[in-house]
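Read the structure below first, then the notes.
The values are calculated or read from the model by the stated rules, or taken from the named source; none is laboratory data. Values in this document were obtained by computation on a predicted structure and should not be read as measured data. Neighbour counts are summed over all protein chains in view; Cβ atoms, including those assigned to glycine, are modelled from backbone coordinates with ideal geometry. Just the protein is used for accessible areas: all its heavy atoms, side chains included, with ligands, DNA and RNA removed. Shrake-Rupley method; radii C 1.70, N 1.55, O 1.52, S 1.80 Å.
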Amino acid sequence: MEVRVAEHDLMDATAVARNDAVNATVVIGGRHLSIEDVLAIARHGASVALSDAPAWRARIERGAAWLREYLATGGTVYGVTTGYGDACVVDVPAMLVEALPLQLTRYHGCGMGELFDSQQTLAIIVARLNSLAFGYSGVRLTLLERLADLVNHRILPRIPSEGSVGASGDLTPLSYVAAALAGERTVMFDGSERAANGVWRALGREPLTLAPKEGLALMNGTAVMTGLACLAFARADHLTRLAARLTALTTVALDGRAGHFDPLLFDAKPHAGQADAAAWIRADLAGRDELPGRRLQDRYSVRCAPHVIGVVRDALTWVRRDVENELNSANDNPLIDPDAGRVVHGGNFYGGHIAFAMDALKTAVANLADLMDRQLALLVDDKFSNGLPRNLTGASPERAPINHGFKAVQISASAWTAEALKHTMPASVFSRSTESHNQDKVSMGTIAARDCLRVLALTEQVAAAHVLAAVQAVRLRMRVDPGTQLSDALRAFVDDVGRLSPFVDEDRPLEAELRALTARIAACAPIGAIHGKEVA
């Protein structure tokens with residue numbers, strides 16, 4: 001039978017979280033922004049508001065005013081009175097200083113590859129806005145207000161994903177944000193692609209004329225890699241919780257041992273992340289007996305699951321630290337210090353911390369893909385599944401010879417896992433000397449972040465396959481062993497998946513169900529209730 005997956009199946013699980021956030025407002029300026037703040041805006045519809053604190057607003061305007069005064073006295077500032085990059089030795093005549101910012105946006109309009117989606121674009125804009133809001137960039141308050149307009153009106157620049165080496169910042173992709181403010185190129189607005197200048201005028205505004213340094217301040221920073229890293233963090237966190245839930249289901253389906261998750265084991269080796277994962281699995285297996293007839297030790301992909309999941313959990317602690325440090329930094333060049341009255345030239349645009357965090361996170365996440373793939377392989381193989389039908393087919397004995405259940409799903413999951421593992425080659429070690437050897441050591445942070453998102457997408461596909469297979473396997477276990485008990489949490493999970501994907505008795509195409517489930521996982525939407533609570 002063919003199963004049609006209704007669109008509302010994807011939406012219901014996140015409706016509560018979205019409704020809670022849609023009327024929320026995240027304040028920018030004079031405060032620490034968290035990953036969750038970025039997610040509220042990019043994923044759940046929250047708006048932004050610039051701080052109304054007089055001291056903060058005065059600092060922003062003071063920086064822009066000091067820069068104007070410094071230029072009026074003949075001061076030299078990189079990228080304002082000079083050319084860009086290696087052309088910093090080229091003096092720009094005073095009569096061309098005002099024209100220079102728009103030139104920067106135009107010649108960087110050479111991005112390629114797929115366009116960032118709406119969530120990614122919003123996360124990028126928020127990261128850039130927050131960086132400029134620290135008051136070290138010499139930009140006007142009106143520029144910050146226009147960036148806030150992009151968010152609040154969902155005026156989304158069409159940003160190509162390829163073309164940044166991560167220093168001098170994300171120049172080429174961020175040029176599409178700067179160009180949109182100036183009324184150039186196209187944006188998505190009200191569901192259609194439109195010319196940016198037309199959108200501004202429809203809103204009763206003129207496109208922004210970029211002041212000296214404002215083009216550079218918009219483009220010279222780590223906003224693309226940082227915005228993507230915020231999204232990656234949330235998806236990785238969600239996958240650790242799902243992998244723990246799937247380990248509990250696999251243990252039940254294989255008639256395995258709950259004792260492998262005894263707290264003594266994790267007190268004796270006290271990595272916090274693996275202790276958390278073991279506690280989640282233990283809670284899901286509450287009430288499960290240790291019967292003597294079972295295999296003494298389950299295979300590594302089950303027994304050692306907390307140790308695999310725990311690596312990701314512990315990595316997320318320092319990934320959060322580094323991502324939020326970058327998010328809450330002034331990362332363009334040069335910086336303007338209006339209080340001391342000086343221009344400081346440096347390299348804060350270098351995205352090394354994000355590059356390393358994303359390289360590490362994608363490796364840890366790929367290990368989750370491998371873990372789930374190995375568990376799935378045990379479930380479908382009747383040599384290892386302790387009495388479950390071959391390939392988890394639910395067909396009647398008469399129809400069993402022509403039914404193959406989850407055989408192809410396991411093959412596909414293996415392919416997705418292999419591709420995820422292939423993408424773990426670190427991007428940060430592939431620094432290239434670019435731009436006439438001025439940018440001769442670069443971070444590759446944006447490539448690392450994009451790679452991490454690709455690994456996450458593949459791992460979410462593996463997770464979706466494992467969810468369908470594990471739920472099928474548990475249902476079959478309950479047929480084989482009618483006394484099999486499920487905790488309330490596992491029962492809620494199985495029932496929720498069952499509403500999306502009915503029991504597979506006769507072979508049917510599972511693509512639609514896999515796509516629907518993958519979308520829910522990627523959206524960090526709860527299935528049943530993960531560890532007793534919904535995970536937004």
Cross-link reach list, lysines versus Lys383, counting only Cα pairs under 25 Å and skipping chain neighbours closer than eight places: Lys407
Going by average Cβ neighbours within 10 Å, how do the peptides 453-460, 513-520 rank, with the highest at the top? 453-460, 513-520
Under the rule of -39500 (n - 2.57) per DSSP H run of 4 or more residues, summed and divided by the residues of the chain, what mean residue ellipticity at 222 nm is obtained, to the nearest 500 deg cm²/dmol? -17500 deg cm²/dmol
Return the inverse of the average 1/r over all pairs of distinct C-alpha atoms in the chain, which is the Kirkwood hydrodynamic radius, in Å to one decimal. 25.0
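Order 183-196, 434-447 from most to least packed using the mean count of other Cβ atoms within 10 Å.
Working: 183-196: 16.4, 434-447: 19.5.
Output ranking for 183-196, 434-447: 434-447, 183-196.
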With a probe of 1.4 Å, find how much accessible area the chain has per residue, and write the answer as a whole number in Å². 41
Binning at 5 Å from 0, report for the stretch 212-280 what percent of all alpha-carbon pair distances ends up in each bin. 3, 13, 16, 14, 13, 9, 7, 6, 6, 5, 4, 3, 1, 0
Tell me which aspartates and glutamates have Cα within less than 19 Å of Lys213's Cα, excluding those fewer than 8 residues away on the same chain? Glu61, Glu69, Asp86, Asp91, Glu98, Glu145, Asp170, Glu184, Asp332, Asp337, Asp339
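Could you order the peptides 420-426, 217-223, 163-169 from most to least packed, using the average number of other C-beta atoms within 10 Å per residue? Let's see the in-between values first.
On the way: 420-426: 16.9, 217-223: 30.0, 163-169: 26.4.
Ranking, from highest mean packing down: 217-223, 163-169, 420-426.
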Of all accessible heavy-atom area on the stretch 376-469, the percent that carbon and sulfur account for (1.4 Å): 55
Size of charge dipole - the chain - debye, nearest 20, with Cβ of Lys, Arg +1 and Asp, Glu -1, no other charges: 360
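Please report the antiparallel percentage of the DSSP beta bridges confined to the chain, to the nearest 5.
80
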Per the charge dipole of the stretch 76-140 (beta-carbon charges, Lys/Arg positive, Asp/Glu negative, Cα centre), the residue among Phe116, Leu132, Ala99 reaching farthest to the positive end is Leu132
List the relative contact order of the chain as a percent without decimals, with contacts defined as Cα pairs under 8 Å and 6+ residues apart. 18
Report the Cα centroid-to-centroid distance between the stretch 89-156 and the stretch 481-512 in angstrom, as an integer. 49
Lys/Arg +1, Asp/Glu -1 at C-beta; the stretch 155-205 dipole; positive extreme among Val165, Gly198, Ala182: Gly198
So how far, in whole Å, is the C-alpha centre of the stretch 386-406 from the one of the stretch 301-326? 37
